[in-house]
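These notes are about the structure you will find just below.
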């Protein structure tokens, strides 16, 4: 059928099928700014304006739009002239991956067209239909406030990230400075309603600013912001190639079953079907899917298609067909004969004698004890905990439970594969680890690495779900089977069932302490639930141990852990990587101890937390690389004391003792509380994570920066370009970043383990410094100087000490065309022996309804020491977004199953992630320190915001009600039962 | 989706009813589409009501007369509607859903957690169903109790809602904007009668006598067990009633 519509002011006739939704039809017509987020409309990634109203095009039949007027973000800008809303989104740092930025821009337009002077509540309401997993909504709200003011012709509000000037390298204590002493707790204001205030500059300066920087440390607009705010085709699915087939998966309806037979004859007979692949026609090659360095940790417990399924959603077969509809029909026609087996879902049940054995295949390599579903046992110790317990005045033991959640990147996994003209396999894929994917997929496909090229375009979020070789092997097999280009995108439901998730764990702490609060022994015992396959099971649980036993000084520590198979969907990497689990248990446990000792909780923690110069004593035993010599890392920079002080100020800490505030007389069933958690993370995996960069000069003095690092929306490309620009003395716009492409860019392990700024950033800095030396040398030659010492690069010029200067363009033209011709270029790689910990303090304020158990989070405040923030806008954006994900983890997100292991809530809504119109107030402060090992003093920031919210909420609920809850998430019924059991509920 | 083979946009009610009455074709009425386009399986053909002019809103004799195709957002912004009703409409979904979804669609979907339906129930809402045999008017409570048979091959065309009296709402949910686990809406009519509606305790939102609340047997799910939902029904009922006194 045909529909007649007006799109961005132009009359158009579009052809569509009656069942097709408007997203599909508009994308086919070239409007790429509408993106897939789900089939049920909740993400809003496909939002458009229909007759000026914001609606979700994926739940609107194209036919319904017949006769109506449609606006997409493509119609907002005229040539290079952006709409003021678009400019505001760029300027305020409201764009991370940009996947749903066009939808947010349209939401803003729908509001501002009607209401030029909206309240913050109205702004949050207009964004309520667009789920964002990245920004925490704060910067988009700020962007709309700015745009509204500009459109009204007013001076726009300025939003400054709250950044404290870098602290110098510390002496004896951790850069204490004038504020932050032990006794001196500052006066603070009271917390208000959820309002987005204009950030003010810090009230004090800890130390004089260090050397003048021009690009680093500045809130530069992201280098990819323009294409993202315009909705340009930049993502995997925006790529078009002739003759492309559509793939679809058949996944298991059973949690545990043997496949006795597959009959694909009916599917193959369907016209338009080109291939059906499954265990009978795909070679059995063992692998582990976690995107990690060579050699991937064992066990290698997966094959592309097995004759056994181990969770609901496990792979059974895949189809490639001319259309998605034919592929879906073919899937229905595959006949699978299952022998259903008993299944086990709980990590504590799975290790019991007689539990169903999940990996009974004879060819599995490297599991610790497959007969008891144990993929790994991890043990590490320093000192002697038993001796420590004997010496202790008190010993405390508590058990905590953490659950399984999903990463929910709004862009699901998607890969398009095809043979290029040289008959090499090209995989354009939404991945955090293009180089690992190339190496890992090769043996599964029977192709040498040299015949595979992996391209990572823009990525719509990953959060660890894409630190995995998840679907690329299927696409590769189908390209090989058909000779045609093949596209496979997971649906939102598949993303929940068949992708990856965060490990559920049972965590037990036993801690010995002296009467004065000194820790003498800590033992942490963890049973981690890795689901059906191990992938990241070893390393995530190792990080749980490392993070659970590093924050506090203690001479005797022990970590004992089993990583356990169950018939649940697979756990893998998720931003934080074992640390959020550890922090929930550790920071709850420490508060319980302080409470029992009658000590002030912050005083107790401060007494024991690691300070500058302290050794991280268990770290050498919980690394990822066997090391011949044991080197105990030492903390070299920490702003933790200052972070705590800043956080206390931001949240209004003193109110937690005010009975009138805690139990407001006019609301008898409400109790209020404030809690905190200390956070400590790592920066990259020492001795293992390597990143590389290459850089070259162009005729006009601009530079191509080629990096293997994978910006998944975080701003990594921008931060790395800022580092290059700083070294080369040019503005950011002169650096053209390209990442990542295994044919063109140097190797990088990829975006994980909070490594990019630190590892890849140091590689960029080294490469840029090498190139700068080449430029200076040429400048000396051109200026007739004996040597290049004293020449500095600044403002796109090379300046001699005598005041003469040459433009970089003059130097480049000279080198490329005029004399002693050569291409100035440089490459460098970096691997760090160190993993300097960023520190943070997370605070939360809650209201607990003691009759219903409903917890309302009214405020989150976090102060983070990330070293020097290369870009304060992207850095604060990381914290705001990370805290918001962490809030979901602590409060409302959970993967829930029925007795057969079927996920009950594989849909957004039932799986609840926070919306713009229900967010608590967010406050972020960056407490900068100078990390001596980092580029320009930087440490990591990406993951630490995931660590503290759950324990801070637990502690706030305790402060409010006196009831300790040792299991997340804090959903109403769980809290109600705990309150009732404690006799608190009304 | 993927199964709809034909789309119709009739311009008269009789044409629409004829399309729905055809034997052998599974034909669904398409209102806004927020539910049907996301979840419907097994629908062969759809009849879109957008060209029937069913989106008028009129206040007469203290009653709102709302066309079934009126968008939920229109109700949110309707000054003549009681604040509790507007607030409940606002909670029917996020911005995008409210701008696409319709009042009639919300009623026919009969989501057990719809606070809008609970609010409509306490405001003595009546619905008009048009069939080829003529039109009939019944209470919303009766319509919901009848389930899918209430419509048969008819079309819900109009909704009549009282606007008088004093109303209040209470809810418990995982987060402030989440669908409620249990919600209670109550209204005291000008005559002093109490209407109480609950959602999250039965297959659809229901009107219930306050003294019956403690005897409810709600269906449990992962967000709230039977026991919890019944307990919350009691707590929230007590709270809404207290706010009316």
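Bear in mind these aren't lab numbers, they're just calculated from the coordinates by the rules spelled out. Owing to the predicted nature of the structure, the values given are computational and were not obtained by experimental measurement. No Cβ is skipped: glycine too gets one built from the backbone with ideal geometry, and neighbour counts run over all protein chains shown.
Any idea what the alpha-carbon Rg over 2.2 N^0.38 Å comes to for the stretch B:5-109?
Cα Rg divided by the expected 2.2 N^0.38 Å: 1.15.
Can you bin every Cα-Cα distance in the protein assembly as shown into 10 Å intervals starting at zero and give me the percent of pairs per bin, rounded to whole numbers?
2, 9, 17, 23, 22, 16, 8, 3, 1, 0, 0
In whole angstrom, note down how far apart the Cα centers of the stretch A:928-947 and the stretch A:391-409 are.
The stretch A:928-947 and the stretch A:391-409 have Cα centres separated by 26 Å.
Expressed as a rounded percentage, what relative contact order does the stretch A:442-534 have, with Cα pairs under 8 Å and six or more residues apart? It would help to have the intermediate numbers written out before the result.
Numbers: 59 pairs, mean separation 17.3, N = 93.
Computed over the stretch A:442-534, the figure is 19 percent.
Restricting to Cα pairs below 8 Å that are 6+ residues apart, what does the relative contact order work out to for chain A? Please round to a whole percent.
Working: 2558 pairs, mean separation 141.1, N = 986.
That works out to 14 percent.
Measure out, as a whole number of angstrom, how far apart the alpha-carbon centroids of the stretch A:256-325 and the stretch A:593-621 sit.
If you average the Cα positions of each part, the centres end up 49 Å apart.
With label points built 7 Å along Cα→Cβ from the Cα atoms of residue A:663 and residue A:349, find their separation and express it in nm.
About 4.1 nm, to one decimal.
By DSSP, what percent of the beta bridges with both residues in the stretch A:338-453 are antiparallel, rounded to the nearest 5?
Antiparallel bridges: around 75 percent, rounded to the nearest 5.
Hey, any idea what the orientation-averaged projected area of the convex hull of the stretch A:318-397's Cα atoms comes to, in nm²? If you can, show how the numbers build up before the last one.
Numbers: hull surface 44.3 nm².
With the hull built on Cα positions only, its mean projection is 11.1 nm².
Rounded to two decimals, what is the ratio between the C-alpha radius of gyration of the stretch A:517-594 and 2.2 N^0.38 Å?
That ratio works out to 1.16.
Exposure proxy check: B:125, B:149, A:6 ranked by fewest other beta carbons within 10 Å? Don't skip to the end; give the middle numbers.
Numbers: B:125 23, B:149 6, A:6 15.
Ordered from fewest to most neighbouring Cβ atoms within 10 Å, B:125, B:149, A:6 come out as B:149, A:6, B:125.
Using a Förster radius of 51 Å, what is the FRET efficiency between residue A:361 and residue B:26 based on their Cβ-Cβ separation? Nearest 0.05, please. Spell out each step's value before the answer.
Numbers: r = 45 Å, r/R0 = 0.88.
FRET efficiency, residue A:361 to residue B:26: 0.70.
If each of residue A:397 and residue A:119 carries a label point 7 Å out from its Cα toward its Cβ, how far apart are those two points in nm?
For residue A:397 paired with residue A:119, the spin-label model returns 5.4 nm.
What's the exposure ranking of A:565, A:36, A:574, going from fewest to most Cβ atoms within 10 Å?
Details: A:565 32, A:36 24, A:574 28.
Fewest-to-most ranking of A:565, A:36, A:574: A:36, A:574, A:565.
Going by C-beta contacts inside 10 Å, put A:769, A:493, A:154 in order with the fewest on the left.
Numbers: A:769 14, A:493 17, A:154 10.
With the sparsest Cβ surroundings first, the list reads A:154, A:769, A:493.
Taking Cα centroids, how far is the stretch B:1-21 from the stretch A:783-815 in Å?
75
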